[in-house]
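A.B. asks: Have a look at the structure that comes next, please.
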Amino acid sequence: MAELPGPFLCGALLGFLCLSGLAVEVKVPTEPLSTPLGKTAELTCTYSTSVGDSFALEWSFVQPGKPISESHPILYFTNGHLYPTGSKSKRVSLLQNPPTVGVATLKLTDVHSSDTGTYLCQVNNPPDFYTNGLGLINLTVLVPPSNPLCSQSGQTSVGGSTALRCSSSEGAPKPVYNWVRLGTFPTPSPGSMVQDEVSGQLILTNLSLTSSGTYRCVATNQMGSASCELTLSVTEPSQGRVAGALIGVLLGVLLLSVAAFCLVRFQKERGKKPKETYGGSDLRDDAIAPGISEHTCMRADSSKGFLERPSSASTVTTTKSKLPMVV
């Protein structure tokens, strides 16, 4: 077997070593990052590379729960110039500018709750091939709980059950909820009060009059706490029936009053109508025939069943003309 020349072996070995150094390595923290609302977040990103002529850096952002493919750029560095972009452009910058010495850390000022998500640090430096040119950082913006809303549902009579609920619309991390009863009262029986710190619900069963009172819900996370209060009034079952009967009686009286008012008004309107008149061509049953005096009366003969004119009835006389007759 022929031996390879010494210079050939040295060149091959040198080329292998050179190729082994052509790689971009990006390093970011493995633990999630958290920053209080309104503060400045520093997202650490470092890299190593063997060349520097075509260096390019890109920072992008993706909202929680969405794939990396839906990320949006927020900052570019290429050809020696920095280009912030997107809705965060006025609040993003680089810790070192230009980022050509291995540090690509991003600064985000006045963080908002909407800044929570995943940030991508990507270094591109041809002709280096990419072994690990991308780093991911998860950022959580810490937000204190907003004032919770207290509500109640269920039956509040003795022996019944009710649910008290409490919820804050904002808070990161998600708040835990704790219900407390204000004042000094007897300790409720075991199992009659069940609380869920995650959902903020308090279940009260087998209610008694001593269950009445003011209950306070406190929402808490590492940034602070907020609370709301609710007053629970437990009533006797009989009181509810009496109240229902009283309402029914009042409604009945109201309906009778309305009916009486309508009847009285109808009678008044009826009395205001003009009396019926008869025209000259109308025929009346009680009209007196022509030629008969108004003082003439008719009387009935109960034994004969016919009408008889009285003897005092007026007679019709004929007057002869006294004018001379001409022959």
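A.B. asks: In region 149-232, if every C-alpha pair distance is counted and binned at 5 Å from zero, what percent goes to each bin?
C.D. replies: With 5 Å bins starting at 0, P(r) equals 3, 15, 27, 24, 16, 8, 5, 1.
A.B. asks: Still on this structure: Got a sec to turn the phi values of region 102-114 into Karplus ³J(HN,Hα) couplings, 6.51 cos²θ - 1.76 cosθ + 1.60 with θ = phi - 60°, whole Hz, x for Gly and Pro?
C.D. replies: x, 10, 10, 4, 9, 10, 10, 8, 6, 5, 9, 5, 6
A.B. asks: Between Ser153 and Leu37, what is the FRET efficiency for a Förster distance of 56 Å, r being their Cβ-Cβ separation, to the nearest 0.05?
C.D. replies: So the FRET efficiency works out to roughly 0.95.
A.B. asks: So, counting K/R as plus one and D/E as minus one, what does the shell of residues with Cβ under 13 Å around Gln96 add up to?
C.D. replies: Around Gln96, the charge tally is 0.
A.B. asks: Can you tell me the length gained on complete extension of the stretch Leu246 to Ser146, counting 0.36 nm per residue apart and subtracting the Cα distance?
C.D. replies: Fully extending the segment from Leu246 to Ser146 adds 31.7 nm.
A.B. asks: Moving on to the next point. If I model a spin label at Asn79 and Ala56 as a point 7 Å from the Cα along the Cα→Cβ vector, what separation in nanometres do I get?
C.D. replies: The modelled label-to-label distance comes out at 1.1 nm.
A.B. asks: Let me ask something else. For a protection proxy built on the mean count of beta-carbon atoms within 10 angstrom, sort 114-126, 208-220, 225-237 highest first, please.
C.D. replies: 114-126, 208-220, 225-237
A.B. asks: With labels modelled as points extended 7 Å from the Cα through the Cβ direction, what inter-label distance (nm, one decimal) is found for Thr30 paired with Ser225?
C.D. replies: About 3.6 nm, to one decimal.
A.B. asks: How far is it, in nm, from the label point at Asp110 to the one at Phe185 when both lie 7 Å from their Cα along the line to the Cβ?
C.D. replies: 4.7 nm
A.B. asks: Taking H as built 1.01 Å from N, whose amide H comes closer than 5 Å to the amide H of Thr105, not counting residues under 5 places away?
C.D. replies: Cys45, Leu95, Gln96
A.B. asks: Give, in whole angstrom and from largest to smallest, the semi-axes √(5λ) of the equivalent ellipsoid of region 25-142, with λ running over the eigenvalues of the Cα gyration tensor.
C.D. replies: Whole-Å semi-axes of the equivalent ellipsoid: 23, 15, 13.
Coordinate-derived values only; no laboratory data. The structure displayed is predicted, hence computed values, not measured ones. All Cβ positions, even for glycine, are placed from backbone atoms using ideal geometry, and neighbour counts span all protein chains on display.
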